[in-house]
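Working notes, structure below.
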Amino acid sequence: MDIRFALETFWSLLAALPLTLELAATSIALGSILALGLALARLSGMLALDLFARTYVFLFRGTPLLVQIFLIYYGLSQFPAVRHSIFWPLLREPYWCAVLALMLNTAAYASEIIRGGLISVPHGQVEAARACGMGRFMIFRRIVMPQALRQALPGYGNEMISMVKATSLASIITLMEITGVAAKLISESYRVIEVFIVAGVIYLAINFALTRLVAFAEHRLNPQLRAPLPISADLKGEAH
């Protein structure tokens, strides 16, 4: 293990870190919106929406992400209707093709996580909110969604970590994120071990920070996980 070469590799790979984080953050943010829509479609009670959501989840969970990236990047350009559409300026760019593939893929997994969180909310609380005169949107915003978020957060945190690692597949469509730069360095130096060890350490650091953020959010959203506040001397005196 050449420490000097490893340090040079580290700084080279660190320059690709912003693209990796941007790919992950954009796909997760857009995918979460789509995932919520799919989860609500599953729970809507409407057969057409439920069937669409089930089919979507089946297709994108049942096929490899690598195949999905290839189909979007190489396949969509084969259709004249796509090349002449308003979306072509985006779809001809590798970045947006990668974001689209990652977004569609994570939405399929995240929708099931969100759906599990939504159905975990006790129905009695919804009935009580209706009895208090709350509308459907207020019930969803104030009763259902906060509790569903607490239940879904641990599973969704794992999905976000998976998406960070999945950004490495964007290198196959010429994007120079961390894995893309690592492959370029290997082709130039033929030093596979050092380059991939450094790349693995960077991915490990990203995911460690992400797990800490998820744990902090989980701690804040679940009061039972927080230590009780100390009782002040004045309150102790009043109690006596």
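The values are calculated or read from the model by the stated rules, or taken from the named source; none is laboratory data. Remember, predicted model here, so these are calculated numbers, not experimental data. Using ideal geometry, Cβ is built from the backbone for each residue, glycine included, and neighbour counts are taken over all protein chains shown. Surface accessibility is based on the protein's heavy atoms, side chains included, excluding ligands, DNA and RNA. Shrake-Rupley method; radii C 1.70, N 1.55, O 1.52, S 1.80 Å.
Do the conditions hold for ILE33, that is, is it open to solvent by less than 70 Å² (accessible area, probe 1.4 Å), of a type in the set (Val, Ile, Thr) and under 15 Å from the mean Cα position of the chain (by Cα)?
Spelling it out, it is not the case that ILE33 is open to solvent by less than 70 Å² (accessible area, probe 1.4 Å), of a type in the set (Val, Ile, Thr) and under 15 Å from the mean Cα position of the chain (by Cα).
In the set ARG61, ARG115, ARG42, which member is open to solvent by 60 Å² or more (accessible area, probe 1.4 Å) and basic (Lys, Arg)?
Only one candidate qualifies: ARG61.
Would you pick out the residues in the range 144-177 that are free of Cβ contacts under 8 Å to residues at least 60 places away in the same chain, farther than 20 Å from LEU30 by Cβ and open to solvent by 40 Å² or more (accessible area, probe 1.4 Å)?
GLN147, GLN151
How many residues are open to solvent by less than 60 Å² (accessible area, probe 1.4 Å), over 16 Å from the mean Cα position of the chain (by Cα) and among the polar types (S, T, N, Q) if we restrict to the range 76-112?
Here the count works out to 2.
Here is a check on your reading of the model: is TYR203 open to solvent by less than 80 Å² (accessible area, probe 1.4 Å), at pLDDT 85 or above, of a type in the set (Ser, Thr, Tyr) and closer than 26 Å to LEU40 by Cα?
no
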